[in-house]
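Readers should treat all values here as calculations from the given coordinates under stated rules, not as data from a laboratory. A quick note: this is a predicted structure, and the numbers were derived from the prediction, not measured. Methodologically, a virtual Cβ is constructed for each residue, glycine included, from the backbone with ideal geometry; neighbour enumeration extends over all protein chains shown.
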């Protein structure tokens with residue numbers, strides 16, 4: 001029997017409330033340069049400590065497979081219980097959905113970053129100094145006015161937050177995925193986007209469109225500083241994915257600030273609860289909507305951002321900011337709460353990594369690992385052990401008493 005079929009047959013509809021709280025890029029490394037502690041270990045977290053004292057099970061999760069570094073898309077799909085190797089989704093699709101673009105059949109979407117190029121066309125800053133959202137909106141407006149169509153294909157450009165934006169190609173005979181037009185490191189030129197399937201004529205047409213878009217757009221930005229270029233990745237069309245509610249018999253909602261994470265949630269059928277900007281506001285929105293949904297996905301971005309900057313102190317402070325807000329959530333304590341990350345973003349690497357992610361689960365039935373704190377070191381000792389992230393929601397369901405007994 002297929003494992004998903006078994007879970008489906010065992011699932012019981014209950015009145016339980018479940019909350020998945022994701023500190024993006026939470027995991028880190030205890031390096032000598034950092035005093036052999038991680039930001040999570042160094043942070044002052046009295047509220048997390050109190051939650052641990054009430055009884056939690058801890059462990060670590062592999063987001064995709066041992067040694068594989070995930071992007072945010074695969075990392076979150078795994079957290080939602082979808083095998084990221086089976087359900088591969090382009091980042092552009094996720095970002096476009098998160099920005100409220102209604103994708104049509106045949107649309108190809110790309111996530112883009114404004115960047116800085118030198119006189120030789122080499123990338124000197126992949127994020128253009130993290131320009132303000134207002135600057136991004138101005139530049140996207142300029143591009144949108146200059147480039148409305150390429151041949152018979154409509155071009156849709158929409159700004160996101162900071163240096164990020166989305167490009168959607170809408171026309172006949174298009175298909176992804178393409179390789180990234182992003183070298184993923186400074187000191188290299190913009191990469192050429194190529195069809196992942198070289199036999200696909202639709203993907204070849206899409207690759208030519210991306211090249212034509214660069215030819216038209218780069219001259220428009222040439223005199224802008226620091227954002228005189230852009231990088232495109234996750235160039236793909238929208239796949240067919242079963243809904244979260246159908247899969248788990250839980251009515252889900254998403255409380256996130258950044259478009260990409262809203263898009264990931266929307267992709268699996270979560271309702272996006274808009275209008276929040278800080279973690280305090282996100283937790284307050286959870287309280288307001290508590291009676292309307294069974295499952296809450298709450299996303300906190302700052303830990304990942306500071307990890308990518310290599311800023312240990314800022315990542316530690318972000319964890320402390322999250323901890324200070326946690327009592328708001330616990331005013332209406334869900335029956336099951338899981339706190340984790342979608343991947344590790346060690347400050348020493350300034351990038352996502354393959355290292356397993358610390359996770360805790362708290363419920364009336366989680367038991368207690370009798371640890372003092374939630375840290376990477378403690379998670380290594382926890383009763384959950386190391387497991388694939390795609391099983392996290394199943395662990396949460398089990399703690400919510402949502403599974404019937406298997407067999408006699």
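For the Cα trace of the stretch 312-408, dividing Rg by the Kirkwood Rh returns an Rg/Rh value of 1.00. Compared with the direct C-alpha span, the chain from residue 281 to residue 49 gains 81.3 nm at full extension, assuming 0.36 nm per residue. Distance between the modelled labels on residue 12 and residue 311, one decimal in nanometres: 4.8 nm (7 Å Cα→Cβ projection). Principal axis extents of the C-alpha atoms in the stretch 93-236 (largest first, rounded to whole Å): 36, 29, 25.
Scattering from the stretch 197-237 was approximated by placing one identical point on each alpha carbon and applying the Debye formula without solvent; log10 I(q)/I(0) at 0.15, 0.16 1/Å stands at -0.46, -0.51.
To one decimal place, what orientation-averaged projected area in nm² is obtained for the convex hull of the Cα set of the chain?
Details: hull surface 82.0 nm².
Projected over every direction and averaged, the Cα hull of the chain covers 20.5 nm².
When 369, 309 are arranged by Cβ crowding within 10 Å, least crowded first, meaning fewest neighbours, the order is 309, 369. Quick one: grab the alpha carbon gyration tensor of the stretch 1-130, order the square roots of its eigenvalues as a ≥ b ≥ c, and give me rounded if a/c is under 1.5, else prolate or oblate depending on whether a/b is larger than b/c. It comes out oblate by the Cα gyration axes. Arranged from fewest to most other beta-carbon atoms within 10 Å of their beta carbon, 262, 224, 172 become 172, 224, 262. Looking at the chain only, what percent of DSSP beta bridges run antiparallel? Nearest 5 please. If we restrict to bridges inside the chain, about 65 percent are antiparallel. Relative to the longest principal axis of the Cα atoms of the chain, the long axis of helix 133-146 lies at roughly 40 degrees. Label-to-label distance for residue 405 and residue 32 is 5.6 nm, based on points extended 7 Å past Cα in the beta-carbon direction.
For the stretch 167-308, just run the numbers: alpha carbon Rg, then divide by 2.2 N^0.38 Å, N being how many residues it has.
Details: Rg = 19.3 Å, N = 142, 2.2 N^0.38 = 14.5 Å.
In units of the globular-protein estimate, the stretch 167-308 measures up at 1.33.
Fully extending the segment from residue 118 to residue 134, taken as 0.36 nm per residue of separation minus the present Cα-Cα distance, adds 3.4 nm.
Neighbour counting of Cβ atoms within 10 Å sorts the residues 245, 9, fewest neighbours leading, into 9, 245.
With the cut-off at 1.5 for a/c, could you classify the stretch 1-66 from its C-alpha gyration tensor as rounded, prolate or oblate? Oblate is the answer for the stretch 1-66, as a/c is 1.5 or above yet b/c matches or exceeds a/b.
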